[in-house]
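> This is the structure I have questions about; it appears just below.
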Amino acid sequence: MPGQRYIAIFFMLLGLLVSVPTYGYRVDDIPLHARVVIYRAQELMKRGRFTEAARVLERFQRKGRLTARNSREYRNYMVDFVLGNCYLKAGRYVDAIDQYRLALAARPEFDPAWMNLGKCYYDMKAYPEAGRAFLKGYKTAEKKRPERLYYAAICFLNAGEDKKALEVLERLMRLHPSAIKLEWKEAIVQAYLACNRPREALPFIEELSEETTGKRQKQWQKIRLQEYISLGMEDRALRYANQLIQEYPLEPEWWKGLAYIYLRKNQYRPALVALTVKGLIRPLMPQETRIVADLNMSLGIPVQALRFYRKIASKGFDSDLAYRIAQGYIRIHQPKDALKWVEKGLLKRGDPKLMLLKGDLLYGLARYREAADAFEAAARKGIDPGRSWLMAGYAAWNARETVRSRQAFIRAARYPEQRHTAERALHQM
């Protein structure tokens, strides 16, 4: 269960569309003709007739272009803004962007246009542009709204601009600490983890694991446990895993986490107990089954280890698994069964230790000539050649193949660790 440095948080689509009534502005800001046509368009928009509303405003703009002397009556930022809203509602994002840009060229401080421009870019998945627009919407507004900083941060996160997102979120926390919502803290965690600052994310993770509910809470509990482990806080991880087990004893994830912590601490017996309990609640995954088998073998319970190894092998095995099964049979004094698995493993052309093990098993079964063949094959493949040649010599000697035995001992004597024993054997011969 490796520690995670990135969390997939599903951000809700921004359902944002800022509409501004004409009466919210001075009369001299919006000429009478413009106010009338804007009112007519907004009434159509209320009934969902966005295309018709757009046509009303488009005709008004065309009339302005044809009536140059009255251009002020027809060329107004609010007309551009409301037409942009019509296009946005109709899904005509490029046209909407053009209109918002026109409105902002006339009134750069008009924050609703910045916000709706951000909405357009967000829907088009142009996240960096959306983030910058939302930031402008925050900066230009007379009343600073913290959610606009949050929207900007979400966009930068989606764009992969993690450092920029974190800068915005830290600004949000600094300027509006009391406005931080629980779901916003999920983005804060993601930004900290994405910037490889997990310790600063940890307090928010702990809070989310306590304050959320349902599936989200379980997700954050799991992340909290993983972060404790990845940060080397094994004692805190152990306490938290036990706390989770006390609260949810039938949740297999917590037993699995507890086992992983014990494995990191090299405490194999409690790790085996935890994984065994997990297997009773939910069937073990193949990797978990392998760990349980290995733990049983390490703890001197080969019969149980073999049960799990054979279960894995029934769905396919490699030479390494064959070697482990053979070792299990050796430990319960069944060399013939061990030899069968060695032969199966050798067909996989994998673990070279199998050839040497084959020689040992054949030697123990007094099948000396075959043992000599196996040891010689191992030696020629460079598998512990000193020992392999020495054992080939003993096997050939027991098979009464003196010449073959002498040659093997002579070769074994070339290796420092076997020299003394090989020379003594040659002397005895």
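The values are calculated or read from the model by the stated rules, or taken from the named source; none is laboratory data. What you see is a predicted model, and the numbers here were worked out from it, not measured in a lab. Here the Cβ is made from the backbone with ideal geometry for all residues, glycine too, and neighbour counts use every protein chain on show. Heads up: the accessible areas ignore ligands, DNA and RNA and are worked out on the full protein's heavy atoms, side chains in. Shrake-Rupley method; radii C 1.70, N 1.55, O 1.52, S 1.80 Å.
> Which residues, counting only those in the range 219-257, are open to solvent by less than 30 Å² (accessible area, probe 1.4 Å) and of a type in the set (S, T, N, Q)?
Gln221, Gln226
> Here are some residues: Lys256, Lys315, Lys311. Which one is out of contact with any Phe, Trp or Tyr (no Cβ under 9 Å at 6 or more places or on another chain), among the basic types (Lys, Arg) and assigned to a loop (DSSP other than H, G, I, E, B)?
That would be Lys315, the only listed residue that is out of contact with any Phe, Trp or Tyr (no Cβ under 9 Å at 6 or more places or on another chain), among the basic types (Lys, Arg) and assigned to a loop (DSSP other than H, G, I, E, B).
> Inspect the range 64-78 for any residue being modelled with pLDDT of 90 or more and open to solvent by 30 Å² or more (accessible area, probe 1.4 Å) and give the result as yes or no.
no
> Then there is this: Within the set of pairs 6+ apart or on separate chains, which have a first residue in the range 229-250 that is touching a residue at least 24 places away in the same chain (Cβ under 8 Å) and of a type in the set (Val, Ile, Thr), a second that is open to solvent by less than 90 Å² (accessible area, probe 1.4 Å) and assigned to a helix (DSSP H, G or I), and C-beta atoms under 9 Å apart?
Ile229/Ala237; Ile229/Gly257; Ile229/Tyr260; Ile229/Ile261
> Given the options Lys163, Lys218, name the one that is more than 17 Å from the chain's Cα centre (by Cα), part of a helix (DSSP H, G or I) and among the charged types (D, E, K, R).
Of the residues listed, the single one that is more than 17 Å from the chain's Cα centre (by Cα), part of a helix (DSSP H, G or I) and among the charged types (D, E, K, R) is Lys163.
> Touching a helix residue (DSSP H, G or I) at 6+ places or on another chain (Cβ under 6 Å) and of a type in the set (Gly, Ala, Ser): which single residue out of Gly316, Gly345 fits that description?
Matching residue, one of Gly316, Gly345: Gly345.
> Mind listing whichever residues of the range 344-369 are under 23 Å from Glu401 (Cβ atoms) and surrounded by fewer than 16 Cβ atoms within 10 Å (Cβ to Cβ)?
Gly364, Leu365, Ala366, Arg369
> Can you name the residue in the range 276-318 that is of a type in the set (Asp, Glu) and at pLDDT 95 or above and, of all such residues, is surrounded by the most Cβ atoms within 10 Å (Cβ to Cβ)?
By that ranking, first place goes to Glu288.
> I would also like to ask the following. Regarding Tyr138, is this residue more than 19 Å from Asp80 (Cβ to Cβ), crowded, with 19+ Cβ neighbours inside 10 Å and touching a Lys or Arg at 6+ places or on another chain (Cβ under 7 Å)?
Yes.
> Which numbered condition in (1) within 20 Å of Tyr151 (Cβ to Cβ); (2) over 37 Å from the mean Cα position of the chain (by Cα); (3) at pLDDT below 95 is the only one that Leu88 fails?
Of the numbered conditions (1) within 20 Å of Tyr151 (Cβ to Cβ); (2) over 37 Å from the mean Cα position of the chain (by Cα); (3) at pLDDT below 95, the odd one out for Leu88 is (2).
> With respect to Tyr121, is the statement that it is out of contact with any Ser or Thr (no Cβ under 6 Å at 6 or more places or on another chain), in a helix (DSSP H, G or I) and buried (at least 24 other Cβ atoms within 10 Å of the Cβ) true?
For Tyr121, the condition - out of contact with any Ser or Thr (no Cβ under 6 Å at 6 or more places or on another chain), in a helix (DSSP H, G or I) and buried (at least 24 other Cβ atoms within 10 Å of the Cβ) - is not met.
> Is there a residue being of a type in the set (A, V, I, L, M, F, W, C) and either touching a strand residue (DSSP E or B) at 6+ places or on another chain (Cβ under 9 Å) or over 22 Å from Arg174 (Cα atoms) (or both) anywhere in the range 203-221?
Yes, there is a match, as at least one residue in the range 203-221 is of a type in the set (A, V, I, L, M, F, W, C) and either touching a strand residue (DSSP E or B) at 6+ places or on another chain (Cβ under 9 Å) or over 22 Å from Arg174 (Cα atoms) (or both).
> Taking the condition open to solvent by 60 Å² or more (accessible area, probe 1.4 Å), of a type in the set (Phe, Trp, Tyr) and under 19 Å from the mean Cα position of the chain (by Cα), does Tyr260 pass?
Here the answer is yes, as Tyr260 does meet what is asked.
> When you scan the range 49-62, do you find a residue that is modelled with pLDDT of 90 or more, open to solvent by 40 Å² or more (accessible area, probe 1.4 Å), not in a helix (DSSP H, G or I) and not aliphatic (A, V, I, L, M), even just one?
yes
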